[in-house]
Structures are given as structure tokens and as C-alpha cells.
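**Student:** Please find one structure pasted underneath; my questions will follow.
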Amino acid sequence: IDYLKGKKLRAKSFTVYDTNNLSIALDENNISLNELDIYFDGQLNVFDDGFAYDLVFNTRKSNLKDLASALPPEYAEWSKAVTLDGDLDASLHLAGFTGTVPNTHKKSHTEIAMAIENGTIKHNEADEAVENLYLKFNGDFQEHWTDLKIDTLDFTLNNERTTGNP
């Protein structure tokens with residue numbers, strides 16, 4: 001995928017390399033992809049026949065429009081037909097491995113948490129927008145199971161308010 005074509009990329013990284021153990025510690029890193037600021041840290045471990053990673057990505061005080069601008073090209077086209085706005089906080093934790101790694105590094109786990117406040121979503125062909133969107137959810141994905149929890153969902157459509165929480 002030609003992911004970065006047409007995107008602005010800025011990065012600042014503090015990385016520690018351990019050449020004895022072939023590991024990389026990523027501390028206090030940030031990337032700006034178009035207008036989406038992403039902060040991340042984690043660990044990469046390289047072995048003879050594989051590697052393991054444990055990475056955490058966060059974005060705070062972002063906007064849904066900024067998130068859409070960072071999407072891969074095939075989704076960026078779709079997002080041009082949609083008006084997006086709203087405050088966004090999100091985190092993504094990825095832990096996994098490929099190839100042969102020691103048992104202590106055999107993790108396969110993905111967690112996501114997202115909160116959207118004051119959101120607006122409207123497709124160009126829709127008569128009305130979803131407004132005042134407040135959505136808070138988290139997900140935990142492992143090899144054989146998925147746990148997705150919507151903590152709060154609240155929005156207005158056609159001047160009617162819909163709300164729900166567990």
C-alpha cells in the first residue's frame with residue numbers, strides 16, 4: 001500500500017538500541033501524519049528467526065477530521081464525501097510476534113480505547129447529520145476471542161436524541 005503518498009509526515013524520536021540483545025526501546029516518540037499527532041512508545045526485540053513487539057500509540061485532543069486525514073488511501077477517498085468533526089482521544093496497544101521467539105515474548109494482544117465528544121458526522125448524500133455525538137468504547141482482541149464494550153453512546157439525529165449506556 002502506498003500509504004504515505006500525499007501525506008505530510010513529521011517525526012521526533014528518542015530510541016535506545018541494545019546491540020547485545022538486539023532490542024530497541026522506543027521512548028517519547030511522536031509522529032504527525034497530516035494533522036493527527038500520535039505519541040508512542042514500546043519495545044522491539046529481534047531474534048535469530050523472528051521478532052516481537054509491544055507498542056502503545058496515543059492521540060489526545062485530536063479531531064475526527066484529523067483521524068480521517070491519516071487513513072490509508074482507499075479510505076481517504078471515502079472520507080472526502082463525509083463531513084467529520086469532534087474531539088478525539090484514542091489509544092492502541094499492539095503486542096505480537098512473528099517467527100520463532102522465546103516463550104516470554106509470545107504475546108498476541110490488541111487493545112483499543114476511543115472517546116469522541118461533540119462529534120458531527122454527515123455524508124454528502126444524507127439529509128441530516130449525526131450531531132452531538134458522544135461515544136466511548138474499548139476493545140480487547142486476542143487470538144481466540146474479542147471483547148468490545150461500548151461504554152456510552154449519545155447523539156442527535158433529526159432533532160431526536162438517542163442515548164445508551166450499559
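**Student:** Are any residues in the stretch 81-92 out of contact with any helix residue (DSSP H, G or I) (no Cβ under 9 Å at 6 or more places or on another chain) and surrounded by fewer than 17 Cβ atoms within 10 Å (Cβ to Cβ), and if so, which ones?
**Tutor:** Those that are out of contact with any helix residue (DSSP H, G or I) (no Cβ under 9 Å at 6 or more places or on another chain) and surrounded by fewer than 17 Cβ atoms within 10 Å (Cβ to Cβ): 81, 89.
**Student:** Further question: Using the structure shown, decide if residue 124 is farther than 19 Å from residue 162 by Cβ, of a type in the set (S, T, N, Q) and open to solvent by less than 40 Å² (accessible area, probe 1.4 Å).
**Tutor:** Values: farther than 19 Å from residue 162 by Cβ: yes; of a type in the set (S, T, N, Q): yes; open to solvent by less than 40 Å² (accessible area, probe 1.4 Å): no.
No: the conditions fail for residue 124.
**Student:** For the stretch 30-37, indicate whether the set of residues that are open to solvent by 30 Å² or more (accessible area, probe 1.4 Å), under 21 Å from residue 111 (Cβ atoms) and touching a Phe, Trp or Tyr at 6+ places or on another chain (Cβ under 8 Å) is non-empty.
**Tutor:** Residues of the stretch 30-37 open to solvent by 30 Å² or more (accessible area, probe 1.4 Å): 30-31, 35, 37.
Add one more test, that the residue is under 21 Å from residue 111 (Cβ atoms), and what stays is 30-31, 37.
Checking the rest, the ones that are also touching a Phe, Trp or Tyr at 6+ places or on another chain (Cβ under 8 Å) come to 30-31.
Checked the stretch 30-37: at least one residue is open to solvent by 30 Å² or more (accessible area, probe 1.4 Å), under 21 Å from residue 111 (Cβ atoms) and touching a Phe, Trp or Tyr at 6+ places or on another chain (Cβ under 8 Å).
**Student:** Give all pairs with beta carbons closer than 8 Å in which a residue from the stretch 13-25 that is exposed (fewer than 11 other Cβ atoms within 10 Å of the Cβ) meets a residue that is among the charged types (D, E, K, R); count only pairs at least 6 apart in sequence or on separate chains.
**Tutor:** 16/27
**Student:** Let me ask something additional. Quick check: anything in the stretch 41-52 farther than 23 Å from residue 119 by Cα, in contact with a Gly (Cβ under 7 Å, 6 or more places away or on another chain) and exposed (fewer than 11 other Cβ atoms within 10 Å of the Cβ)?
**Tutor:** yes
The values are calculated or read from the model by the stated rules, or taken from the named source; none is laboratory data. All values derive from a computational prediction rather than experimental measurement. Cβ atoms come from the backbone with ideal geometry, glycine included; neighbour counts cover every protein chain shown. For accessibility, only protein heavy atoms count, side chains too; no ligands or nucleic acids. Shrake-Rupley method; radii C 1.70, N 1.55, O 1.52, S 1.80 Å.
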